Amino acid sequence: MIIDIQARNVSLTETLRSYVVKRINSSLTGNNDYIQRIVVRLSDINGPKGGVDKRCHIQVVIPHQPDVVIDDVESSLYAAVDLAANRAGRTVSRHVAKYRKHDRSMPSFDSIISSV
């Protein structure tokens with residue numbers, strides 16, 4: 001699983017980078033085998049004007065499924081990362097559960113051959 005962190009109008013410190021990686025990893029635990037790549041974009045929408053304008057955009061790429069895209073805007077980047085990571089974790093878990101359910105309901109190639 002590749003985690004790509006990008007920042008726009010925000011200083012991406014090592015502390016912030018490690019926090020994002022830690023939150024993403026903890027939120028997506030158990031689904032790592034299904035995830036190809038994660039792109040996290042952090043930005044300050046209004047720049048120095050202030051306000052509730054820190055954005056965390058997370059895109060989770062799961063092969064053979066639509067991408068999971070989560071966007072959260074908060075007054076703090078850390079709060080935006082927390083909310084977006086939690087939402088991404090829940091959404092990816094639902095997608096993976098559907099995939100597992102669909103995958104189990106399909107007979108395997110070996111079982112079809114042995115029944116003939």
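The values are calculated or read from the model by the stated rules, or taken from the named source; none is laboratory data. Model, not experiment: these values are computed from the prediction. Don't worry about glycine lacking a Cβ; one is built from the backbone with ideal geometry, like all the others, and counts go over all protein chains shown.
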Filtering the stretch 1-31 down to residues that are assigned to a helix (DSSP H, G or I) and either exposed (fewer than 10 other Cβ atoms within 10 Å of the Cβ) or among the aromatic types (Phe, Trp, Tyr) (or both) yields GLU14, THR15, TYR19
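Being modelled with pLDDT under 90 and surrounded by 16 or more Cβ atoms within 10 Å (Cβ to Cβ) narrows it down to one residue among ILE45, ILE62; which is it? Can you show your working first?
Numbers: ILE45 fails: surrounded by 16 or more Cβ atoms within 10 Å (Cβ to Cβ).
That would be ILE62, the only listed residue that is modelled with pLDDT under 90 and surrounded by 16 or more Cβ atoms within 10 Å (Cβ to Cβ).
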If I go through the stretch 32-60 residue by residue, how many of them are touching a Leu at 6+ places or on another chain (Cβ under 9 Å) and part of a loop (DSSP other than H, G, I, E, B)?
1
Of the criteria (1) of a type outside the set (Ser, Thr, Tyr); (2) assigned to a helix (DSSP H, G or I); (3) within 25 Å of TYR99 (Cα to Cα); (4) touching a helix residue (DSSP H, G or I) at 6+ places or on another chain (Cβ under 6 Å), which one LEU83 fails
(4)
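Can you tell me which residue among LEU42, LEU77, LEU12, LEU16 is of a type outside the set (Val, Ile, Thr) and over 17 Å from the mean Cα position of the chain (by Cα)? Talk me through it step by step, then tell me what you get.
Numbers: LEU42 fails: over 17 Å from the mean Cα position of the chain (by Cα); LEU77 fails: over 17 Å from the mean Cα position of the chain (by Cα); LEU16 fails: over 17 Å from the mean Cα position of the chain (by Cα).
Sole residue among the options that is of a type outside the set (Val, Ile, Thr) and over 17 Å from the mean Cα position of the chain (by Cα): LEU12.
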